[in-house]
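**Student:** Quick one: the structure is below, questions incoming.
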Amino acid sequence: MTKEIETFLLGFEKPSTQRIYRGHLNTFFQNIKADPEHYFDNGRDYQQDLLDFWISLKEYAPCTRSGKITAIKQFMEENDVIISRKTWNIIKRQKKAIPRTIDHVPTPQELKSILTHGGVKEKALFLVMASSGIRIDEALSITINDVKLRDEKGDIISPAMIKIRQEVSKNDTPRITFISDESRDILIEWLKIREDYLVALVEKLAKRNMSKELKDNRVFPYAWSTAWNMWTRMLHKSKLDKRDTSRKMMQSTPKKSNARFEIHLHTLRKFFMNRMKGVTRIDAVEQLAGHEGYLDRSYRRLEEAELIEAYKQGMPSVTIFNNAPDLSGINESLKQKDKDIAEMKEENQRLRNHLQDFEMEMRKLLREKDKKD
């Protein structure tokens, strides 16, 4: 990588952002067949390079396309190349970032089938993600100190808590979230063998002339690609590896195909959101998941006790193995019954009103009859 690229990437604190932007820049220079080392020395037509790159991305999903072109624009401006308003207006007219990815949010039964093919290491990571709503980058960044499994007396707590630090959170806002009891229990088992796994990993990498920090204090001390490969293997074994062929994969995704799985890692977060919102207060779910846009519009942030109460109410809906009831059908049935009851009440009120009108009319007729008599 050139000095300009490395300097640019240093402006982003999170390794995940640096990784994604590095991939975008690599794609850009490969596409325009330019040497990044001397790109700003050859008097190129930067406006045309940007437009050519934009056109080359037409088969990508709109959100991916938008992210790539924005990254290149930022990189150019960082190196004192000003993109003209005309050029950017051409791009903006077609820059509608509407997702077209086909996602399939797994059911509890499907997640159970997938995770059955994993060991303690796999179950710990993916159950934590599915029951807390945290993103994969957040999950791979939490440390031992970020997880609270026991109280001051050493007793196991329910629900167990995870702290998402500011430097870990996607929106740079610290928060807390919780995990289900079954996630807590499997996480405790993983922590018992975590150090042995780390020692074995360091020895394995050393044989390949690769280094790994033995003092890694992360709960899940491995890379994003390792997590992706773990998920891929379980999808294949469970026969739930249907791929979305409507879009190209992002540059940062391991390229074993030109399409990604419909049940991918981010659908675990969607699983959490969808399941919890059906049974507990929405503002609590949004705060636990760290949805900044919603929280900006919210009247206030909930206190820890309120979040715990809301999470406990929704915990059964994100429990996979411990005979968790699938409440989705029940919830829909209850909603329909509530609607039917409301309609019946309205109909009864209309009948009462008609009856009152009829009684008033009868009294009026009787009074008129009495007058005639």
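**Student:** Whole Å is fine, so just give me how far the alpha carbon centre of region 185-199 lies from that of region 123-157.
**Tutor:** 13 Å
**Student:** Which one, 183, 16, 132, has the greatest fluctuation when you compute a Gaussian network model over the chain with C-alpha springs under 10 angstrom?
**Tutor:** Largest GNM mean-square fluctuation: 16.
**Student:** Same structure again: Evaluate region 176-233: find the radius of gyration of its Cα atoms, find its Kirkwood radius, and give the ratio Rg to Rh. If you can, show how the numbers build up before the last one.
**Tutor:** Details: Rg = 13.4 Å, Rh = 13.1 Å.
Result: Rg/Rh = 1.02.
**Student:** Further question on the same structure: Helix 15-32 sits at what angle to the longest principal axis of the chain, using alpha carbons and giving 0 to 90 degrees rounded to 10?
**Tutor:** Between the helix axis and the principal axis of the chain, the angle is about 70 degrees.
**Student:** As a test of understanding, state the convex hull volume per residue of region 3-92 from its alpha carbons, in Å³.
**Tutor:** Considering the Cα atoms of region 3-92, their hull volume per residue is 95 Å³.
**Student:** Ignoring chymotrypsin sites (Phe, Trp or Tyr not before Pro) that are buried or in helix or strand per DSSP, and keeping those with at most 15 other beta carbon atoms within 10 Å, what is the longest stretch of the chain between them?
**Tutor:** Values: sites that count: 12, 299.
Here the longest segment lacking exposed loop sites spans 13-298.
**Student:** If I model a spin label as a point 7 Å beyond the Cα along the Cα-Cβ vector, how far apart are those points for residue 42 and residue 341 in nm?
**Tutor:** 7.2 nm
**Student:** Relative to the longest principal axis of the C-alpha atoms of the chain, give the angle of the C-alpha long axis of helix 120-132, reported between 0 and 90° and rounded to the nearest 10°.
**Tutor:** Once rounded, the angle reads 50 degrees.
**Student:** Which of the three applies to region 108-318, rounded, prolate or oblate, going by the alpha-carbon gyration tensor with a ≥ b ≥ c and a/c under 1.5 meaning rounded?
**Tutor:** Oblate, because a/c is 1.5 or more while a/b does not exceed b/c.
**Student:** Starting from a Cα-only point model with no solvent, please compute log10 I(q)/I(0) by Debye for region 121-199 at q = 0.16, 0.21, 0.22 1/Å.
**Tutor:** Calculated log10 I(q)/I(0) at the listed q: -0.57, -0.97, -1.05.
**Student:** Taking a label point 7 Å from the Cα of residue 79 along the Cα→Cβ vector, which residues of region 1-15 have an amide N closer than 16 Å to it?
**Tutor:** 1-11
**Student:** Quick one: length gained pulling residue 109 to residue 171 fully straight, 0.36 nm per residue minus the C-alpha distance?
**Tutor:** 19.1 nm
**Student:** For the chain, build the charge dipole from Cβ charges (+1 Lys, Arg; -1 Asp, Glu) around the Cα centre, then report which of 263, 132, 115 sits farthest towards its positive end.
**Tutor:** Working it through, the farthest residue towards the positive pole turns out to be 263.
**Student:** Give me the angle, in degrees from 0 to 90, between the Cα long axis of helix 181-207 and the longest principal axis of the Cα atoms of the chain, rounded to the nearest 10.
**Tutor:** 10 degrees
**Student:** Could I ask something else about it? Please check: in the Gaussian network model of the chain (C-alpha springs, under 10 Å), which one of 203, 78, 152 has the largest mean-square fluctuation.
**Tutor:** Maximum fluctuation in the GNM of the chain, among the listed residues, is at 152.
**Student:** Which lysines, on any chain, are close to residue 372 with Cα under 30 Å apart, when same-chain ones fewer than 8 places away are left out?
**Tutor:** Filter leaves 364.
**Student:** Over all directions, the average projected area of the alpha-carbon convex hull for the chain comes to how many nm²?
**Tutor:** 30.6 nm²
**Student:** Quick one: among 123, 242, 192, which has the greatest mean-square fluctuation in a GNM of the chain with alpha-carbon springs under 10 angstrom?
**Tutor:** 192
**Student:** Report, in listed order, any pair from 14/215; 121/270; 68/215; 215/237; 204/237; 192/270 with a Cα-Cα distance greater than 27 Å. Walk me through the intermediate numbers first.
**Tutor:** Numbers: 14/215 20 Å; 121/270 22 Å; 68/215 35 Å; 215/237 33 Å; 204/237 25 Å; 192/270 29 Å.
In this structure, 68/215; 215/237; 192/270 lie more than 27 Å apart at Cα.
**Student:** Please work out the FRET efficiency for the pair residue 218 and residue 239, using the Cβ-Cβ distance as r and a Förster radius of 30 Å; give the result to the nearest 0.05.
**Tutor:** 0.40
**Student:** Straight-line reach only, C-alpha to C-alpha below 18 angstrom: list the aspartates and glutamates that residue 207 could link to, leaving out same-chain residues fewer than 8 apart.
**Tutor:** By straight Cα distance, residue 207 reaches 196.
Every number in this text was worked out from the coordinates using simple rules, so none of it is lab data. Quick caveat: nothing in here was measured; it's all calculated off a predicted structure. As a convention, Cβ positions derive from the backbone with ideal geometry for all residues, glycine included, and neighbour counts pool all protein chains shown.
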